[in-house]
Amino acid sequence: MKKTFLLSVIAASMMLFGCKSKDKDKGSVDSTVSVTSSTSVTPAPAESSTSPANEPKSYTVVFAPDSALLGKSKEASIKLISGTATELADPDGKAQGMELTFKISLTNKNKIGGNNIGVSPSEFRLVLDNNTSISQTNGSYVSAEPESTKESENITYRLPAGSKPKTLNLFNDETRASVSVSLK
């Protein structure tokens, strides 16, 4: 009886280990196919449910009014082109603030033969909902020749965590214009 039990245990273990080695040699293609098919079916819902959790929250930046006249003779017309605002977070998910990006279009209303107009976004100030003013993080000087229009590169503001934009103050040639900022 002990011999029969011992032989059956040995035979079962040989079949178990024997089958596994045959599956690895022959069935690697089959196991890959079954894993691939189960992987392609399972992740589709998993990706759609995890992607939004990992995506940063984005908003559209809207200005009202979207244009302003600046300069002592109202020679500079600035049109604010809607942009985006993206919430920033560290790898642990803790809020790090918001990055607001937009462009401007500068139109020089001087007659041909007149002076060029230049606007520096570094002089603009973004007023936050807690009444603090911040300056741009990124953006370059824009210049337009008489009776022409020039579009800027992206102008970027980095807002502290927990704050929202309220007003954008534009300055040029000792003049000022305020534009309301909202996120949608």
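The values are calculated or read from the model by the stated rules, or taken from the named source; none is laboratory data. All values reported here derive from a predicted model rather than from experimental measurement. Every residue, glycine among them, receives a Cβ derived from its backbone with ideal geometry; neighbour counts consider all protein chains shown. Protein only, heavy atoms only, side chains kept; ligands, DNA and RNA dropped before computing areas. Shrake-Rupley method; radii C 1.70, N 1.55, O 1.52, S 1.80 Å.
Laid out as a table, the results:
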read-out: All positions within the range 149-184 that are hydroxyl-bearing (Ser, Thr, Tyr), open to solvent by 40 Å² or more (accessible area, probe 1.4 Å) and over 22 Å from residue 87 (Cβ atoms); value: 149, 178
read-out: Restricting the range 99-147 to residues that are among the acidic types (Asp, Glu) and not in a loop (DSSP other than H, G, I, E, B), the residue that is surrounded by the most Cβ atoms within 10 Å (Cβ to Cβ); value: 99
read-out: Some residue of the range 72-84 being at pLDDT below 95 and hydrophobic (A, V, I, L, M, F, W, C); value: no
